[in-house]
Amino acid sequence: MPFGAERLPDGAVRFRLWAPAAERLDLLLYHTTRPMPAIGDGWFELVTRDAAPGSAYYFLVNGETRVPDPASRFQPSDVHGPSEVIDPRAFEWKDKAWRGRPWNEAVIYELHAGTFSAQGNFSGVEEKLDYLRDLGVTALELMPVADFFGKRNWGYDGVLPYAPDSCYGRPEDLKRLVQAAHSRGLMVMLDVVYNHFGPEGNFLRAYAPQFFTSRHRTPWGEAINFDGEGSQVVRMFFIHNALYWLEEFHLDGLRFDAVHAIKDDSSLHILPELAESVRNTVGQDRHIHLVLENEDNAARYLQEPSGICASHCSYDAQWNDDIHHVCHVLASHEQDGYYEDYAKDPIAALGRCLTEGFYFQGQASSFRGGAPRGEISRGLSPTNFISFLQNHDQVGNRATGGRIISFANWDAVRALMAILLLAPSPPLLFMGEEFGAKTPFLFFCDFRGELAKAVTEGRRAEFSKFKEFNDASARDSIPDPNAESTFLSSKLDWNSLGESEQKDWLKFYSDLLALRQKAIVPFLSQAGESGLTSGYSTFKNSGLCARWKTANQTLQLISNLSDDTIDFARPESDDEIYATFNTAAGHTMPAWSVGWYLNSEL
């Protein structure tokens, strides 16, 4: 790795920093100052035998500003403290035979390491791995763990992207978690943030202002510089970060947060370059999965680009917000904000999402003032689109962090999950939803002073346009993101699993996931070999029929997504694999009913 502190084969340690705005750079090691020679193009480097794994160090810029290493592998005392030299070769891996799992087997479980368990750390997650495996999960997705200011945060305010936050444990603890997951056949993916740095603890402007550009703007201010002067080093910083997590921590994939906010006018956008680097290195000998969050519905990143790069540089999948939004409308009848785009004909919108990927494939969005949104996704594989009814954003961005079962029709939720868990697209669960968790998941952080005040006031102001929070006193009731109680109330209550209601939800999810493994995964394996065609139709206003066909099998869904009983036509196949109603009893479908059929054609 060209950045940071690297233990060399002879036992010496090389310290390296790109600081093009610095006139002088020193290494602070054991309370002594050692000059770091400039080696050209803004780089400074020092090799010394006086450092070893465990040594604490800072960089001193122009004899005045003490800063941590931006590529620090560990910050034992948070973002303002010293960095620690880590030897990545010291951990003894026991998963050398692990090659990952193919993407068509993916059932993803998103979790926040601080609120998933009572311990609130990597070890707490490790203790629940048997539970997750038995549930039917095949991939854990950790919300960002890169070092952030304070003791609690969602993770999207990270400022040191190479350092697992010390509140969750040491780097070895994360490695042990990954190794333990692999021993149980579970993949581990990590959410990474390459669109901005957090507001506290980022010192890059003091010595490398070229990391940022005023030519592009993002919701967080100036954009990260991926296409201007000095951008080649910036690009390298993030590409190596992706490789670092995949190589040093044996992770099976990455989820890239809000890539629509990554602004890059280069001839080769950073996203395909990053994917190409991964595919040509660590991705050569094991399954590595790269997933996007992209509000722009840019389908071009999900297929092999032509003339952009020489080798495979596409992404495995994208979070499909469209399918969430239409399912949310069906279950809750909410039509505020972006939900208005899905309220006109939600049954057809769901059919399109299930069989074509995106709902918005270039048509105008009312929520966006009539601007077109998205690119054509018809023809891509269903496995390119991750489906979910809940995730950290959709729960946590509600004022009181309410999960969908706290305000929606439970029959609707069950019907929609019976669709999402058995449809070809890989499903994603948000921690606790599988047992009907009653605990909220609130927005929380741990800032100080004026920044804390601004975050709290800004959070409450976001909801001023909602009727429920028109009144200032009502907005004051929204939990303070900086209060420790907000964080603590977001922790899962595992004791509730003893209650009958939670047991019923858990059985519902685990039964469907077992069926997915038995029937849907083999169907997807066949589809990967022979190709897949799909289509949908609607009937009786609330009825939806969807079909996916391989060379010799047809997977069919028939559903009634309303509170009314409707007539229906019998499915083409009698090979029922799941149904919430008796298809042989007549020609009517009860409210919120679902049937799945898998027919082999000889």
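Quick one: putting +1 on the C-beta of Lys and Arg, -1 on the C-beta of Asp and Glu, what dipole do you get for the chain around its Cα centre, in Debye to the nearest 20? Intermediate values should be presented prior to the final figure.
Details: 55 positive and 81 negative charges, 80 e Å.
Here the chain has a charge dipole of around 380 debye.
Quick check on packing: order 152-165, 264-277, 497-510 by the mean number of other C-beta atoms within 10 Å, highest mean leading. All intermediate terms of the calculation are to be shown ahead of the outcome.
Numbers: 152-165: 24.6, 264-277: 18.8, 497-510: 14.9.
By packing density, highest mean first, the sequence is 152-165, 264-277, 497-510.
Just want the ordering: Val13, Val291, from fewest to most Cβ atoms lying within 10 Å of their own Cβ.
Numbers: Val13 22, Val291 25.
Ordered from fewest to most neighbouring Cβ atoms within 10 Å, Val13, Val291 come out as Val13, Val291.
Given Cα pairs under 8 Å that are at least 6 residues apart, what percent is the relative contact order of the chain? Could the numbers behind the result be given before it?
On the way: 1233 pairs, mean separation 61.7, N = 602.
Relative contact order of the chain: 10 percent.
Taking the Cα centroid of the stretch 87-158 and of the stretch 255-274, what is the distance between the two, rounded to the nearest whole Å?
Taking the Cα centre of the stretch 255-274 as reference, the centre of the stretch 87-158 is 25 Å away.
Only one of the values [x] 194; [y] 168; [z] 158 was calculated from this structure for volume of the Cα convex hull per residue in Å³; name its label.
The listed entry that was calculated here is [z].
Within the stretch 419-495, list the chymotrypsin sites (Phe, Trp or Tyr not before Pro) lying in a DSSP loop whose Cβ has at most 14 other Cβ atoms in a 10 Å radius. Working shown, then result.
Working: sites: Phe430, Phe435, Phe441, Phe443, Phe444, Phe447, Phe463, Phe466, Phe469, Phe487, Trp494; in loops: Phe441, Phe443, Phe444, Phe447, Phe463, Phe466.
Sites meeting the loop and neighbour criteria: Phe466.
Distance between Cα centroids, the stretch 546-602 to the stretch 447-463: provide it in whole Å.
50 Å
Sorted by average packing, counted as other Cβ atoms within 10 angstrom per residue and highest first, what order do 188-194, 452-458, 24-30 take? Could you put the intermediate results ahead of the total?
Working: 188-194: 22.7, 452-458: 14.3, 24-30: 18.1.
Going by the mean number of other Cβ atoms within 10 Å, highest first, we get 188-194, 24-30, 452-458.
Rounded, prolate or oblate for the stretch 4-90? Axes are the square roots of the Cα gyration tensor eigenvalues, ordered a ≥ b ≥ c, and the cut-off for rounded is a/c under 1.5. Display every interim value, and only then the final one.
Numbers: a/c = 1.69, a/b = 1.26, b/c = 1.34.
In terms of gyration-tensor shape, oblate.
Testing the spin-label approximation: label points 7 Å from Cα along Cα→Cβ at Thr65 and Thr565. State their distance in nm.
That separation, rounded to one decimal, is 7.3 nm.
If you average 1/r across every pair of different Cα atoms in the stretch 454-602 and take the reciprocal, what Kirkwood value do you get, in Å?
19.6 Å
Can you pull out the chymotrypsin sites (Phe, Trp or Tyr not before Pro) in the stretch 368-427 whose DSSP state is coil and whose Cβ has at most 13 other Cβ atoms within 10 Å?
Details: sites: Phe385, Phe388, Phe407, Trp410; in loops: Phe388, Phe407.
Passing both the DSSP loop test and the Cβ count: Phe407.
Near the amide H of Glu375, under 5 Å away, which other amide H atoms are found, from residues 5 or more places off or on another chain, if H is placed in the peptide plane?
Amide H neighbours of Glu375, under 5 Å, 5+ apart: Ala299, Gly362.
Report the label-to-label distance for Glu576 and Asp411 in nanometres (one decimal), using points 7 Å from each Cα along the Cα→Cβ vector.
The modelled label-to-label distance comes out at 1.8 nm.
Bear in mind that the values in this text are calculations on the coordinates, not laboratory data. Quantities reported herein were computed from a predicted structural model and do not represent experimental measurements. Methodologically, a virtual Cβ is constructed for each residue, glycine included, from the backbone with ideal geometry; neighbour enumeration extends over all protein chains shown.
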